[in-house]
């Protein structure tokens, strides 16, 4: 397996199979990186680094944070908007006060990202649905912990 690693930080930049680069000391196409050839093994670049001294993949002292939690929250909001479209259609069989509650809820969903920079801030302003369900409870518990 080829690992492209940063020689300063030991961060794994890329890994996989490909042409054998020889003894493992060749320059990578990534700036400031070299290529190491190691035996096949599972790799998680968020939690592991390449230790040049031992020539092994080792656990990081502190794993990298997940770079995509906002995308996950925004995706959940988009799915919830799609699932609740039916409640605002004029021919859906609910009373107008309930329809108005769904319209307000959906506006809060759309506005949840405005001016907010973290998943916790965004999730904090999303209320329970008008039917009482909190479809974001699991996401809240995982991302705000």
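Any read-out appearing in this document is the output of simple, stated calculations on the displayed coordinates, not a laboratory observation. As the structure is a computational prediction, the values presented were derived from the model and not from experiment. Cβ placement follows ideal geometry from the backbone for every residue including glycine, while neighbour counts extend to all protein chains displayed.
State the label only: which of [x] 36, 33, 30; [y] 41, 38, 28; [z] 73, 29, 25 corresponds to Cα extents along the principal axes in Å computed from the shown model?
[z]
For the chain, what is the mean residue ellipticity at 222 nm derived from helices alone (per DSSP H run of n ≥ 4: -39500 (n - 2.57); sum divided by total residues; nearest 500 deg cm²/dmol)?
Numbers: 4 runs with 44 residues, N = 145.
Value at 222 nm, helices only, nearest 500: -9000 deg cm²/dmol.
Identify which of 70, 122, 13 has the largest mean-square fluctuation in a Gaussian network model of the chain, with springs joining Cα atoms closer than 10 Å.
Top of the fluctuation ranking is 13.
If we count other beta carbons within 10 Å of each Cβ, what is the order of 30, 71, fewest first?
Values: 30 14, 71 11.
The order, fewest Cβ neighbours first, is 71, 30.
Rounded to the nearest whole Å³, what is the per residue volume of the convex hull around the Cα atoms of segment 80-145? The partial results should precede the final answer.
Values: hull volume 5.3 nm³, N = 66.
Given the Cα convex hull of segment 80-145, per-residue volume reads 81 Å³.
With springs only between Cα atoms under 10 Å apart, run a GNM on the chain and tell me which of 130, 69, 31 wobbles the most.
Among 130, 69, 31, the largest GNM mean-square fluctuation belongs to 31.
At 0.36 nm per residue, and after removing the present C-alpha to C-alpha distance, how many nm does the segment from residue 81 to residue 26 gain when stretched out fully? Mind showing how you got there, number by number?
Working: separation 55, 0.36 × 55 = 19.80 nm, distance 5.03 nm.
Value of the extension gain: 14.8 nm.
What is the spread of the Cα atoms of segment 2-59 along each of their three principal axes, largest first, in whole Å?
25, 23, 18
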